[in-house]
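Here's the structure we're looking at; comments come further down.
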Amino acid sequence: MAEPPIDRRKKKEGANRRRRYNVAVEGFSDFERSTLSSFFRLAARRSPSYVEVAQAAQSDFVIADADHPPARGGALSAGRAHVTVFIGKQSPPGAMAWLPRPIHPMHIMRELDSLVEQGQTVPGLLDEAEAVPGMDLVLEDMTFDAQDSPDLLRSDIAGAGPDVLVVEDSPIARRFLQVRLQRMGYAVTTATNAEEALVWMQGQAFALVFLDVVLGVAGGLDGLNLCQMLKQDPAFALTRSAKVVIVSGLSGAMDRVRGSLAGCDAYLTKPVNEAEFERTLLTLDPTLAARLKSRA
């Protein structure tokens, strides 16, 4: 007999509340390790939460010192770059999450949350309700090497399609959208915060703008503010006709209402469902269907 829908919902909510992931810390000084350990203990009651373990083989995620050759090489040779947050001077080849020094525990927590959000965990850790279709493709696509800028990346690989702006402060989520949009033929510009986005929005016309809601520090401009400005402020006349897509981890009914009131044309929640992503683009961009057909 099929499980009643309300029971399945309660089961999923309970699983989400209990999400706890093991994290190994590799290659740091005693002071840095102690700082991270203390932070994980203090944040143990949040969800998702992270518990430090001694061995990388026992972990779901790794935090590795990118400037420490054994730690850096260990994560790469073990094929675990996609579940590792590297911290150091530059991003190693194949890394999905990288942060420069000095170490900011909250920034590390945000990157771990992004890895969880995109399903970058060891096989079997996510239950059926949380699995993301096509995630094996995401693991293959969402890699970038040391030549890629972690901050502001302009890429015209696809070139022929309309110009698109992606505003997202998480490198992982930003790269996910960039790769998917480039595969659909778009020329993608990315910004990591509201200030960068404002520069692009005033100086260039975009057909589509993707906005995360939460951008950087609390109290600053967020994606909803940017959406309102783009739709209403004469300073953004070049981009006034752009379709705005909110892509956010905020998935409540009121969050969607706030997006609509801000003027967005579509609201997608993270982790992004690939089928919904394509349907949304086909609705907003009348040129996409022909472009996809020509590439088939």
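Some values worked out for this structure:
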{"item": "Residue in segment 229-244 that is surrounded by 18 or more Cβ atoms within 10 Å (Cβ to Cβ) and closer than 24 Å to LEU115 by Cα present", "result": "no"}
{"item": "Residue tally, condition touching a residue at least 12 places away in the same chain (Cβ under 8 Å), part of a helix (DSSP H, G or I) and either among the aliphatic types (A, V, I, L, M) or open to solvent by less than 40 Å² (accessible area, probe 1.4 Å) (or both), over segment 33-56", "result": "4"}
{"item": "Number of the condition not met by LYS89 [criteria: (1) surrounded by 17 or more Cβ atoms within 10 Å (Cβ to Cβ); (2) out of contact with any helix residue (DSSP H, G or I) (no Cβ under 9 Å at 6 or more places or on another chain)]", "result": "(1)"}
{"item": "Segment 219-277, residues that are under 18 Å from the mean Cα position of the chain (by Cα), of a type in the set (Gly, Ala, Ser), modelled with pLDDT of 90 or more and part of a helix (DSSP H, G or I)", "result": "GLY223"}
{"item": "Residue among LEU281, LEU211 that alone is crowded, with 16+ Cβ neighbours inside 10 Å, within 21 Å of PHE176 (Cα to Cα) and either aromatic (Phe, Trp, Tyr) or over 16 Å from the mean Cα position of the chain (by Cα) (or both)", "result": "LEU281"}
{"item": "Only listed residue being more than 25 Å from ARG45 (Cβ to Cβ) and either surrounded by 15 or more Cβ atoms within 10 Å (Cβ to Cβ) or at pLDDT 75 or above (or both), chosen from PRO123, PRO105, PRO100, PRO133", "result": "PRO100"}
{"item": "Members of segment 174-218 found to be small (Gly, Ala, Ser) and part of a loop (DSSP other than H, G, I, E, B), listed by number", "result": "GLY185, ALA205, ALA207, GLY216, ALA218"}
{"item": "Tabulated pairs, segment 250-262, first farther than 17 Å from LEU215 by Cβ, second of a type in the set (S, T, N, Q) and modelled with pLDDT under 95, C-beta under 6 angstrom, 6+ apart or interchain", "result": "SER251/THR269"}
{"item": "Failed item in (1) surrounded by 21 or more Cβ atoms within 10 Å (Cβ to Cβ); (2) among the aliphatic types (A, V, I, L, M); (3) in contact with a Phe, Trp or Tyr (Cβ under 9 Å, 6 or more places away or on another chain); (4) under 17 Å from ARG33 (Cβ atoms), with VAL83 passing the rest", "result": "(4)"}
{"item": "Every residue from segment 57-82 that is within 21 Å of GLN118 (Cα to Cα), among the small types (Gly, Ala, Ser) and in a loop (DSSP other than H, G, I, E, B)", "result": "SER59, ALA78, GLY79"}
{"item": "Residue satisfying all of: in segment 284-296; in a helix (DSSP H, G or I) and either among the aromatic types (Phe, Trp, Tyr) or in contact (Cβ under 8 Å) with a residue 60 or more places away in the chain (or both); surrounded by the fewest Cβ atoms within 10 Å (Cβ to Cβ) among these", "result": "ARG295"}
{"item": "Near pairs, Cβ below 7 angstrom, 6+ apart or cross-chain, from segment 180-200 (under 21 Å from TRP98 (Cα atoms) and touching a residue at least 40 places away in the same chain (Cβ under 8 Å)) to any residue that is open to solvent by 30 Å² or more (accessible area, probe 1.4 Å) and among the hydrophobic types (A, V, I, L, M, F, W, C)", "result": "THR192/LEU152; GLU196/LEU152"}
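For every residue, the table says whether it meets (1) modelled with pLDDT of 90 or more; (2) among the basic types (Lys, Arg).
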residue: PRO5; (1), (2): no, no
residue: LYS12; (1), (2): no, yes
residue: GLU26; (1), (2): yes, no
residue: PHE31; (1), (2): no, no
residue: PHE39; (1), (2): no, no
residue: ALA43; (1), (2): no, no
residue: GLN58; (1), (2): no, no
residue: ASP67; (1), (2): yes, no
residue: GLY74; (1), (2): yes, no
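The values are calculated or read from the model by the stated rules, or taken from the named source; none is laboratory data. Here the structure is a predicted model, which is why all the values come from computation and not from measurement. Neighbour counts are summed over all protein chains in view; Cβ atoms, including those assigned to glycine, are modelled from backbone coordinates with ideal geometry. These accessible areas exclude ligands, DNA and RNA; they are computed on the full protein's heavy atoms, side chains included. Shrake-Rupley method; radii C 1.70, N 1.55, O 1.52, S 1.80 Å.
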